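The values are calculated or read from the model by the stated rules, or taken from the named source; none is laboratory data. Remember, it's a predicted structure, so these values are computed and weren't measured experimentally. Cβ coordinates were reconstructed from backbone atoms using ideal geometry, including for glycine residues, and neighbour counts include every protein chain displayed. These accessible areas exclude ligands, DNA and RNA; they are computed on the full protein's heavy atoms, side chains included. Shrake-Rupley method; radii C 1.70, N 1.55, O 1.52, S 1.80 Å.
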Amino acid sequence: MLSIFRLHGPRCSGKKSKHDRTYRRCSCHIHVEGKCGDRFLRQSLHTSNWQKAQRRVAEAEARGSWDPLPEEVQARPITILKAKSDFLKDAESGRRLGASTLRKYRLMLRHLEEFAAKKGLLYMKQLDGEALREFRDSWKLSPRTALKKLERVKAFFRFASENDWIGTNPARLVRGPANIRDTQKLPFEPAEIERIMEACRQVRLQGCTNDDLVAFVLVLRYSGLLIGDASMLTLERFKENDLFLYTQKSGTHVYVPLPPFVMSLVRAIKPRHGQYLFTGPHSLRMETASDLWRRKLGQVFTKAKIQGGHPHRFRHTFAVELLKKGVPVEEVSILLGHSSVRITEKHYASWVPARQEILKSHVAKTWETFGVIEGGKAQAK
């Protein structure tokens, strides 16, 4: 560990200061002291610029050696700030990740940058396995949320390793929480839906009529849309009584029919800022619009006395009701827009009791065809 200090001349006022080693109000030369690699140092850095001295020490510690690099490899190690900028540029312009994913990456990288600043780390090579484990331990998150955040950290360091900014990828050695159980996706019960609708008609919200609130909730319930997508709906997305959800990779459009009473409420809405139904001119970004609607629905859930109320539960209600009616999970996956049916099975496999009755009835129907076995012999029916 190297440390820097000023070695003051006999006439320097800093020599008499209580904190003379870190006194900066002079132009005395800065020295370095400590061990770097196999060498113990105590020498002048031939500069009076504190920032320059810090940079020189950080570069040496990042390399693990005080000896200068050969001329062909004397490029300065990449900083965490530069790596962050290049990673986000690639994610946004090259990979074209979604707005929600980019927001999560920006948040993670901001936390990493703040952590590195507290530890005095400037370069990517200084973020070793020990530092990353300490960064992980500083999170106050649930196990599942922590695991997701760690996946984003590993993606960032994988990108850095592929670009030769670091040697061995230190994030590979950092493990996430173990034994994470999938939580059951709870839909709203019919009684809860009734209380929510009643609260929508009673609550008073600024910039939102009760009819708009009712229509928004019913669209969430009967379409399975994410709140961000629902908040940015336009009239063009509706075709008669069908709502356009998305276009599959094969080019096929996916529509979902809405009940007539829901469509009548939608058609009664006066579009805002052109064709938008549920957002105004000051919230045309999806993140802003969805945050506004989350706050509005939070007030609705509070008034309706809904425990664990969350907009995403409307999507769970949409999916579970389809599964309970015997709709194949593959079809539900298409309607939800999941990239794989495995995602749907992962989130809704806990609803086996609701589907079990359907499975049991299918098995029972085979008895009518093949007969019931009695005494070891099949009795034809």
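Checked against the criteria, Glu198 does not count as closer than 19 Å to Phe301 by Cβ, open to solvent by less than 40 Å² (accessible area, probe 1.4 Å) and charged (D, E, K, R).
Phe135 falls short of the stated requirement of being under 30 Å from Ala289 (Cβ atoms), open to solvent by less than 30 Å² (accessible area, probe 1.4 Å) and either at pLDDT 90 or above or charged (D, E, K, R) (or both). Considering region 23-36, the residues that are more than 10 Å from Leu2 (Cβ to Cβ) and open to solvent by 40 Å² or more (accessible area, probe 1.4 Å) include one that is modelled with the lowest pLDDT, namely Arg24.
If we scan region 118-130, do we find a residue that is within 30 Å of Asn179 (Cα to Cα) and open to solvent by 20 Å² or more (accessible area, probe 1.4 Å)?
For region 118-130, residues within 30 Å of Asn179 (Cα to Cα) and open to solvent by 20 Å² or more (accessible area, probe 1.4 Å): present.
For region 60-116, a residue qualifies if it is open to solvent by 50 Å² or more (accessible area, probe 1.4 Å), at pLDDT 85 or above and within 13 Å of Arg152 (Cβ to Cβ), and the qualifying residues are Thr101, Arg103, Lys104, Arg106, Leu107, Arg110, His111. There is at least one residue in region 213-233 that is among the β-branched types (Val, Ile, Thr) and in contact (Cβ under 8 Å) with a residue 60 or more places away in the chain.
Filtering region 153-169 to residues that are of a type in the set (A, V, I, L, M, F, W, C) and surrounded by 16 or more Cβ atoms within 10 Å (Cβ to Cβ) leaves Val153, Phe156, Phe157, Phe159, Ala160, Trp165, Ile166. Hey, any hits in region 251-266 for a residue that's out of contact with any helix residue (DSSP H, G or I) (no Cβ under 7 Å at 6 or more places or on another chain) and in contact (Cβ under 8 Å) with a residue 60 or more places away in the chain? Checked against the condition, which is being out of contact with any helix residue (DSSP H, G or I) (no Cβ under 7 Å at 6 or more places or on another chain) and in contact (Cβ under 8 Å) with a residue 60 or more places away in the chain, region 251-266 yields no hits at all.
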